[in-house]
Structures are given as C-alpha cells and as structure tokens.
Amino acid sequence: MLDITKIRSSIPGCNHHIHFNNAGSSLPDQSVIDAITKYMNEEAIIGGYELMNKHADALEQTYHSIAKMIGAQRNEIALFQSATAAWAAVFNALSFKPGDEVLCSEAEYASNYLNFLRKQKKEGIVIKVVPSDEDGCLDPLLLEEMMNPKVKLIAITHVPSNGGLINPVSEVGAIAKKHNCLYLLDACQAVGQIPIDVKNIDCDFLAVTGRKYLRAPRGTGFLFIKSSVVEEMDPTVLDSYAANWLSKSEYKLEPGAKRFELFETNKSLQLGLGAAVDYYLAQGPKECYLRIRKLAKRLRNGLAEIDGVTCADIGREKCGIVTFRKENWDSNKLKEFLFDKGIYTSTIFPTAALIDAQKRGLKSLVRASVHYFNTEKEVDQLLTVLKSM
Ligand SMILES: Cc1ncc(COP(=O)(O)O)c(C=O)c1O
C-alpha cells in the first residue's frame, strides 16, 4: 500500500502546483535531488575522475537497479541521455538492404518515424504501419499476416505520447520470436508507469527515458539490448570506452551493451537515475501502476460528465496519460489557462504521433498525465475548473 502523504512530503514540487505533466517531465523525489547535488558538490572539490573512482560502486549500482527493474542482466544495459538517443543508437546500428521492411505501430512516436524516413531515403527500406484493431491497439493478427522474410525489424511504441493507449507488446514479442525477427520497443512512456519484464515481452531492444514516469533527472535514459544479439551489433559511434584499440590495424568492441556507451557522461545524473529507479522499486511497480490507473480512470469518468469536453483516449486497458479537448477552446490556450490556475498539463500536437492523429482527425489536445503521487483531490480540482469554465 502506497503511503501517499509520505511520498508527497518528499517531493518539493507537490507544494508548488498540481503536476499533471508526468508524461512530459515528472517531479523527482528528494532522494534523487540529494544524490545529484551531493555528487556535484563533491565533484567540484575532489575532481571529476577522482570522484568517479571513489564512487565507482555506487555508479555501477545504477546498472544493476535498472536491470532488476526490467528483468534484465547488468551487461544488457547501456546508459544514454534520452530515449531517442538510446533508440537511434540501436536503429542506426542495424544494417538494412533496399527492400527490407520495418513494421511499426500507428501510434509511432515522431522521432522514431523520422529515423525510419531517413533510412527509407538513404537505404531504401520499406516502412509498413501495422493497422490497429477497433479499440486502437496494434492488431497482432494483422501483424502476423504482414510477416514475411523481408521484415527485418518490428519497431513499435508501447505507450504513445498522445494518449492512454497501451499496445500489446508481449503478443508482438511472440510473433517477432516466431519469425526470428528483431524487435525494438520504445518504452519511453511505459517504464516507471507499467511494470516491465523484458523476458516476458521478449524484445531485443528497449529504449527508455529517465525524466518521465521514472521521475529521474532530465538528460538520463537507457537502452536494453538482449545479450544474445548484442555481439552482432556494430555501434555507429565509438570511443576508447566502447572499444579497445589493439594495434595499427585492429580494434575490439567491448562485450555487452557497453559498446554503445561513450566515456563522457554526467555522473551525478547517473546516480540520480539510480536513486529514482531504487525509489520506484521500493514503492512497488504494481502498486504504482494500480494507483496511476485508478487516478486516470477517475479523471476520464469526470471528463465524461462535463458538457463540451471530450476525452480522446483509445485502447483497452488505458494508462495514466489522459487527453481531451474542450469545445470552442484552443488546447494550447486551455493548457495556459490551467497553468495560471496552478494545474500543469501539456499540449499534444498531431505531430507527436502523426499517423494516429491523421487517422483520427485529431487536432491539438490537452494532456493531463497523472502519477501515483497525485491525489484524488487534485484530479477533482482539475475537473472543477473545467466544469466552471
Ligand atoms: C513515446 C515516446 N517515445 C520517445 C520519446 C522521446 O523521449 P526523449 O525525449 O527522452 O528522447 C517520447 C517523448 O515524449 C515519447 O513520448
């Protein structure tokens, strides 16, 4: 059982406003802030390399914590500064021939699709979008029908930026495995929100950011690469941390996911990411998810009762990302109106997930993404403001 009063008492931001922009960038726990600032202060005195050596074990622990959180091994984790950096490191390291097919979801995130388009232009890959079922979820039956020897990669988004949808990632994993096809999952909005086990999903790669539902600092993220595929992977950027220089004509890549990392990173943020993951594990991922869903349901039910307000979420089991529009209101103006009332949301534009937005004829939406630390009272305050307008 989550102790919401205790949880909120160690989130300085909770005293400042109502934070419903957790899918944008959430609020950190005090333990995360302390881990970062303590390290940075000490670094300024001791020196960057010396402090890194002094805290080698604590820095290493971040990898173990992430591995534990997603059911992976330590050497399957590489740290990055964002989900896109992690996702693109894998995607760009894969080699494609003209005509090779990449299958993605209708809810595909903008940056992923931009990289598909780039590969289409430069290397002649064929992008195919797997249609969704009547609920809006990627349809595994149609995916199965689309599988053929030309499909080199299934790359889908678990939870999109633009709503409460959750794609059936384990069903997709089973199909990928059956056809011996690589599977790259964008779990940017999922990790920290929905309990994740990469063995159960059976993905080869998983890209995640720190600042959203994990409540880690900005500028953090990570990549999971299954140990059985990593030795075949040739990263596009190397430094002498990722590879060893053996002679005038030889080098050797580091084993495991380490070959995707560069030497220079912000170590205080690495500790902050580790602290955020440890905090999440201590709260209990299942409990966190149940509460997020409960709050989101309360919000959706409330929105349904307000005249002129329409919830835009699709999917079966919906997550904490709630999107809506209000008649005669520009969504960006509405977001600013709410901001002035101390309720922080965000505006979602069609370009966040253009294929889905065009299919559904969506214009901009207000996104109120709830977290487990939010309260029923905060949800009701948002509903009251919307009702009173
Ligand atoms: C579904 C999804 N994937 C990827 C990203 C990109 O994350 P980052 O900004 O950390 O690269 C986002 C960001 O909003 C997202 O919502």
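Report whether or not residue 385 is surrounded by 19 or more Cβ atoms within 10 Å (Cβ to Cβ) and either over 23 Å from residue 17 (Cα atoms) or among the β-branched types (Val, Ile, Thr) (or both). Answer is no for this residue. Every condition in (1) out of contact with any helix residue (DSSP H, G or I) (no Cβ under 9 Å at 6 or more places or on another chain); (2) surrounded by fewer than 22 Cβ atoms within 10 Å (Cβ to Cβ) is met by residue 292 except one, and the failing one is (2).
Give me the residue from segment 295-313 that is surrounded by fewer than 15 Cβ atoms within 10 Å (Cβ to Cβ) and charged (D, E, K, R) and, out of that set, farthest from residue 39 (Cα to Cα).
Quick first cut of segment 295-313, residues surrounded by fewer than 15 Cβ atoms within 10 Å (Cβ to Cβ) only: 301, 304-305, 307-308, 310.
With the extra rule that they be charged (D, E, K, R), the set shrinks to 305, 307.
Working: 305: 49, 307: 51 Å.
By that ranking, first place goes to 307.
Matching residues to (1) in the same structural domain as residue 202 (by TED's automatic domain parsing); (2) away from the ligand (no atom under 16 Å from the Cβ); (3) open to solvent by less than 20 Å² (accessible area, probe 1.4 Å); (4) within 17 Å of the chain's Cα centre (by Cα):
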{"residue": "74", "(1), (2), (3), (4)": "yes, yes, no, no"}
{"residue": "80", "(1), (2), (3), (4)": "yes, no, no, yes"}
{"residue": "85", "(1), (2), (3), (4)": "yes, no, no, yes"}
{"residue": "93", "(1), (2), (3), (4)": "yes, yes, yes, no"}
{"residue": "97", "(1), (2), (3), (4)": "yes, yes, no, no"}
{"residue": "107", "(1), (2), (3), (4)": "yes, no, yes, yes"}
{"residue": "110", "(1), (2), (3), (4)": "yes, no, no, yes"}
{"residue": "121", "(1), (2), (3), (4)": "yes, yes, no, no"}
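For the criterion of being on the phi > 0 side of the Ramachandran plot and in contact (Cβ under 8 Å) with a residue 60 or more places away in the chain, residue 342 passes. So is residue 65 open to solvent by less than 40 Å² (accessible area, probe 1.4 Å) and among the hydroxyl-bearing types (Ser, Thr, Tyr) or not? Yes: the conditions hold for residue 65. Selection of helices (runs of 4 or more DSSP H) fully inside segment 1-116 by the criterion of at least 2 residues being closer than 22 Å to residue 348 by Cβ and not aliphatic (A, V, I, L, M) returns 83-91.
Scanning segment 255-267 for residues that are within 16 Å of the ligand (Cβ to nearest atom) and part of a loop (DSSP other than H, G, I, E, B), we see that the one that is most open to solvent (accessible area, probe 1.4 Å) is 266. Picking from residues in segment 1-30 that are among the hydroxyl-bearing types (Ser, Thr, Tyr) and within 20 Å of residue 287 (Cα to Cα), the one that is most open to solvent (accessible area, probe 1.4 Å) is 5.
Which ones in segment 5-27 are out of contact with any helix residue (DSSP H, G or I) (no Cβ under 8 Å at 6 or more places or on another chain) and within 16 Å of the ligand (Cβ to nearest atom)? Within segment 5-27, 21, 22, 23, 24, 25, 26 meet the criteria.
Going through (1) away from the ligand (no atom under 16 Å from the Cβ); (2) within 30 Å of residue 368 (Cβ to Cβ); (3) open to solvent by less than 20 Å² (accessible area, probe 1.4 Å); (4) of a type outside the set (Ser, Thr, Tyr) one by one, residue 272 falls short only on (1). Scanning segment 231-254 for residues that are in a loop (DSSP other than H, G, I, E, B) and acidic (Asp, Glu) gives 231, 232, 234, 239, 254. Residue 135 satisfies every condition listed in (1) more than 12 Å from the ligand (Cβ to nearest atom); (2) without any contact (Cβ under 8 Å) to a residue 40 or more places away in the chain; (3) out of contact with any Pro (no Cβ under 7 Å at 6 or more places or on another chain); (4) open to solvent by 20 Å² or more (accessible area, probe 1.4 Å) except (2).
Residues of segment 327-357 that are of a type in the set (A, V, I, L, M, F, W, C), within 16 Å of the ligand (Cβ to nearest atom) and open to solvent by 90 Å² or more (accessible area, probe 1.4 Å): 349 alone. Within segment 199-214, being within 16 Å of the ligand (Cβ to nearest atom) and open to solvent by 10 Å² or more (accessible area, probe 1.4 Å) holds for 211, 212. Does segment 28-43 include one or more residues that are within 16 Å of the ligand (Cβ to nearest atom) and closer than 30 Å to residue 341 by Cα? Scanning segment 28-43 turns up at least one residue that is within 16 Å of the ligand (Cβ to nearest atom) and closer than 30 Å to residue 341 by Cα.
The values are calculated or read from the model by the stated rules, or taken from the named source; none is laboratory data. Keep in mind that what you see is a predicted model, and the values were worked out from it rather than measured. Quick reminder, even Gly has a Cβ in these numbers, built from the backbone with ideal geometry, and neighbours come from all protein chains shown. The accessibility values were calculated without ligands, DNA or RNA, using every heavy atom of the protein model including side chains. Shrake-Rupley method; radii C 1.70, N 1.55, O 1.52, S 1.80 Å.
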